[in-house]
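What follows is calculated from the coordinates using simple rules that are stated; it is not laboratory data. Since the model is a prediction, treat every value here as computed from it, not as a measurement. Every residue, glycine among them, receives a Cβ derived from its backbone with ideal geometry; neighbour counts consider all protein chains shown.
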């Protein structure tokens, strides 16, 4: 077992003995640590015999109360009583919250004194104190306090809540300050925590918490298989950290490409995702924590240019590299797009049209000007194009003229151009549609759509039908990434290999999206399917509650329009998450734009459930009322109103009988969904 594998801990929720034994059998000799979450401990389970059977694993016992995000029905005193009763079964550590009452442990069993910051909460329910904001938490003071309580051989675990990466990096700071100590484990949990978890490991944390694929026990956890693939075997404080920053950023394919190239070259480096809300604060913390280079995506390209020590043409940087005490910015979007056209046969003397005048279009236009191309830029807002024209002229050498023609998008004739770059977000999961509805490029024109999710946009499909030579957005994504990779890591990777990797990921690992009425079984089936696939599960309603700190019931009752707006805004992000099973709310199809986004997703499953079964289930587990009608009439009305949307979006319709194992099998083997490559299941 490698040194890094020895420092991977897998957290397992204990429910069924046979399932647990099957999991431990796979982990035995693969990782070093297992945390048994005993929230739902079966009374019949012999923990001593269990742990004796897996001598290469070290075990930790933990229980989380419901108020802490766990499943334990009892109170803190009952938790302590249960942990005390199992302590001598073979556990190396027992995990208890800071300020817990003294608990005598058997000889050889050590204590983890832990502090978990929930979203909007500073101290665990076991020892309630006045809540403070994350910025007011003194982590060093908490560390010293916990150190006194941990005792000889004990460990301090401090877990901050992070909605964004800049919050998570605070924990990495503390871990780096204690790099020579093996008694501190400082990391983050929450939507913005995944990169910082790895960085804390590299900074010297005793281990990193992970999960069984598809079965997170805390927000932000990696699954252990992904960690084994990601982190170099001998990784440590000298391992280089690169990453991509944006908001949102979970949909980015850059980590897949970068890590594939880094591993192929044998580099001691990792490439991570950083969701960012405060870019300037993030830039400061990332520099201080040793991040070497950053790819930058929307909406922070302008902020990246402002943070650059050098001037970036066009005022938008999609790449930052750390040199000495400064960030140096660049924009490789233009080079990636133009090199894609050249590889497809475009010549400099050809006529080039760029659709759009936003950040991506500006990068392409500036690079085209630098190369001496004559271009036309078309956008809905002509004043935006004129400003771009002015900026291009200002960037030229004195006495030269920028060869840029500005035109209103409504007046452009696509057939007049031999090459076209579609540089708007239209056609993406976030913004369905076409920038030129009813109009297509001419036959033989070389066209590139910078959108790559979905692979085949409405605009690109129209161009293909007209006989154009079509390049998917993956071409530009890979070529701009190759320029960054060469600069940051001096690695020259192969376009064809990376393109095959990306195509496979987008085609085989696009999310499974479950739609249907309330109580049709989306969540229960979704969780089971995620475990079967080894993917992550996300419930849209749970995600909305976490992000907005509002219960769905109260939200719908007081502000139904606001809830629907938030639901619609979240949808495209969920649809772009690779290797996820997503359960949507029953009303997700009530917005036409949401329906259009869902129609672009390749794996949408409609769980069709009769009204009488929905009634029975909702009587047993009531949901907040959406109308003033009696429940039976409300169910019938909602089904009637939403059925057309469900039917339009679905690529597969499943009669959900309620037998989870049977439904999972039917979905996993469905020939339309293609969840498993032929012969692998």
Work out, step by step, the length gained on full extension between residue 641 and residue 408: first 0.36 nm times the residue separation, then minus their alpha carbon distance; give nm to one decimal. 79.9 nm
Expressed as a whole number of Å, what is the distance separating the alpha-carbon centroids of segment 505-527 and segment 1-35? 27 Å
Helix 279-288 against the longest principal axis of the chain: what's the angle in degrees, Cα atoms only, rounded to the nearest 10? 60 degrees
How big is the antiparallel share of DSSP beta bridges in segment 3-236, given as a percent to the nearest 5? 5 percent
For every helix of n ≥ 4 consecutive DSSP H residues, a contribution of -39,500 (n - 2.57) applies; sum these over the chain, divide by its total residues, and give [θ] at 222 nm rounded to the nearest 500 deg cm²/dmol. -12000 deg cm²/dmol
Can you grab the distance from the C-alpha centre of segment 350-374 to the C-alpha centre of segment 304-319, Å, no decimals? 17 Å
How are the Cα pair distances of segment 135-240 distributed, in percent, across 10 Å bins from 0? 16, 46, 32, 6
Working out 0.36 nm times the residue gap between residue 103 and residue 145, then minus their Cα-Cα distance, what length gain in nm do you get to one decimal? 13.5 nm
Helix 495-508: inclination vs the chain longest Cα principal axis, degrees, rounded to 10, gives 60 degrees
Could you compute the FRET efficiency for residue 548 and residue 16, with r as their C-beta to C-beta distance and R0 at 41 Å, rounded to 0.05? 0.75
Provide the percentage of antiparallel DSSP beta bridges, counting only those with both residues in the chain; round to the nearest 5. 10 percent
Which entry is the computed mean projected area of the Cα convex hull in nm² for this structure: [x] 31.6; [y] 34.1; [z] 100.4? [x]
By the mean-Cβ-within-10 Å protection proxy, highest first, 428-441, 512-525 rank as 512-525, 428-441
By how many degrees, 0 to 90 and rounded to 10, does the Cα axis of helix 359-370 deviate from the longest principal axis of the chain? 50 degrees
Calculate the length of the line joining the C-alpha centroid of segment 432-476 to that of segment 540-597, in whole Å. 30 Å
Neighbour counts of other C-beta atoms within 10 Å: give me 21, 617, 281, 362 arranged from fewest to most. 21, 281, 617, 362
Among rounded, prolate and oblate, which fits segment 163-216 when a ≥ b ≥ c are the square roots of the eigenvalues of its C-alpha gyration tensor, a/c under 1.5 means rounded, and a/b larger than b/c means prolate? oblate
